[in-house]
Each structure stands twice: as C-alpha cells, then as structure tokens.
C-alpha cells in the first residue's frame, strides 16, 4: 500500500487532481492508499466522497514538512485520529511554530518518520520508520535492520508521469 500520496493540494509538490488520483489507482488495481498531502487536509473530503465510486478505501493523514524537509507522516486510525491530526496541524499553521522532527504522541494515529533523518533509537507502538529505495544501503548497517516490525516502504506518489514531474519543476 502507498502511504505517502499527494494531490495538487500539496502546493508546489503534487499535480494530481483527486479524481485523477482515484482513477489512476483503480486502473492500477490499488484498493487502498494513504492520502497525505503536505501540511494540509484540503483534499480529504473530496477523496472520501469520490472513493466509493472507484472501490478504493482511503486512509487519511498529513505529510508534515518544514519547508521541503519531510519531518514525519501522521495517519489517522479513525475519525478521532483525523480530528487529532487536524488540531495538531492547525496549531503549527496558526502559531507559525516550526514543525519538529518528532511528532507529539497523538491518540488514534500512526507516525512514520523518514529513515534517513530519524535520530532516535526507540519507537513507540504506533511509530514506524519509512524506508525509501535510496536508504537500502544505509539500512544494511543500521541497528534498525533487525526491526522489520518497525520498517515500512516509503514511496511518495506525487506525479502521474514524467510530464507531471516537469510541471512540478517549472512551478
């Protein structure tokens, strides 16, 4: 399952309309993905409304970033978790406080930290490390290599094809 999917609501990063994202996912046989736009939940209601038409079960969350740097991803386990994520995000958007590298413990959520930038040596029950393809060589020499229960594949989906990436570059 893809756990870091962006729409065009991820300003300057994503180029996919919610409907186009769902259409592409259906064509590829994807039945579930985590919608995690960057520092926003603006696409979530559209995705929830449209997803049943495509037989897709979306999981809602946010890709928390400080500038271009991914700090962590929060995924909602249920409606209460989504409310907690929205409140947490609103705090940063309204206070102009910098998003920290580690998320506050929020009930009914999962937190995923980028493997490449995670400095800790422990994770709580609802925390995981997201490993990208370029992290695999470093993972071989990391103590986390023996903690497969805490590792997830982190492949970001922001563009449908090379043309979409070029649009992003020009913006």
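The values are calculated or read from the model by the stated rules, or taken from the named source; none is laboratory data. Predicted model only: the values in this text are computed from it and were never measured. Neighbour counts are summed over all protein chains in view; Cβ atoms, including those assigned to glycine, are modelled from backbone coordinates with ideal geometry.
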**OP:** Given the conditions (1) outside any helix (DSSP H, G or I); (2) touching a helix residue (DSSP H, G or I) at 6+ places or on another chain (Cβ under 9 Å); (3) modelled with pLDDT of 95 or more, report the number of the one that residue 82 does not fulfil.
**Re:** (1)
Original post:
Does residue 13 fit the bill of being under 24 Å from residue 111 (Cα atoms), touching a residue at least 60 places away in the same chain (Cβ under 8 Å) and in a loop (DSSP other than H, G, I, E, B)?
Top reply: yes
Subject >> the range 24-49 - residue that is surrounded by fewer than 17 Cβ atoms within 10 Å (Cβ to Cβ) and over 17 Å from residue 156 (Cβ atoms) and, of those, nearest to the chain's Cα centre (by Cα) >> reply: 42
Original post:
Within the range 27-36, can you find the residues that are outside any strand (DSSP E or B), at pLDDT 95 or above and touching a helix residue (DSSP H, G or I) at 6+ places or on another chain (Cβ under 9 Å)?
Top reply: 31
Original post:
Residue check: is residue 156 crowded, with 18+ Cβ neighbours inside 10 Å, at pLDDT below 95 and under 22 Å from residue 88 (Cβ atoms)?
Top reply: yes
